[in-house]
Amino acid sequence: MINNKLIREEMKKREEIMTTFNKNYLLEAGAGAGKTTIIVQRIINHIISTDIHPANIVAITFTKAAATELAERIQLRALEYLREVKDIRIRERLESIDEIFTGTIHSFCDLMLREMPFEANITPDYEIIEDSEEFHNKIWYDFIRNKEGKYKDKIDLLAKFA
């Protein structure tokens, strides 16, 4: 039996998330539950309802694929609104939708570090080392070569569990 009260409460909560901008929300749900749709509409509503410029919006995801999908869906939704909106200020913001940063936490941190390397106490030409088996093996072998005598008993103990 469908519980209409629960459905109404869920719809009310979704509407709140999409229209309340002075509060943070954590969306946690299974695949296909509508999280991306809610996030896209929240971003569009924020641009339409306030004076926020898209360049001041950050949308962070865990994967590159999710970031690409989110960016595409934001673009498509903005185009739908552009067909209807007459207010020039809103139109200008919607036309600048590609200025939203949409990416992974790693790409966002990289962007911040590249923009402010001195504040982060790193050189401007820093390099990101990609995580790989080869990288881990190099670290492990360097560790063994340089610390073998000091940690030999611990290494031997670990080898029993490998």
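The values are calculated or read from the model by the stated rules, or taken from the named source; none is laboratory data. This is a predicted model, so every value here is computed, not measured. Positions of Cβ are generated from backbone atoms using ideal geometry, with glycine treated the same way; all protein chains shown enter the neighbour counts. Remember, those area values only see protein heavy atoms, side chains included, never the ligands or the DNA or RNA. Shrake-Rupley method; radii C 1.70, N 1.55, O 1.52, S 1.80 Å.
In Å², and per residue, what accessible area does the stretch 31-86 have when probed at 1.4 Å with the other protein chains present?
On a per-residue basis, 60 Å².
Assuming 0.36 nm per residue, please report the length gained on full extension of the stretch ASN121 to SER96 beyond their Cα-Cα distance.
Answer, rounded to one decimal: 5.7 nm.
Using modelled amide H (1.01 Å from N, peptide plane; none on Pro or chain starts), what sits under 5 Å from the amide H of ALA120, excluding residues fewer than 5 places away?
Here nothing satisfies the definition.
Counting only pairs 8 or more residues apart or on different chains, how many lysine pairs in the stretch 6-132 have their Cα atoms under 19 Å apart?
For the stretch 6-132, qualifying lysine pairs total 6.
To the nearest 0.05, what FRET efficiency results for CYS109 and ASN4 with a Förster distance of 41 Å applied to their C-beta separation?
In this case the efficiency is close to 0.40.
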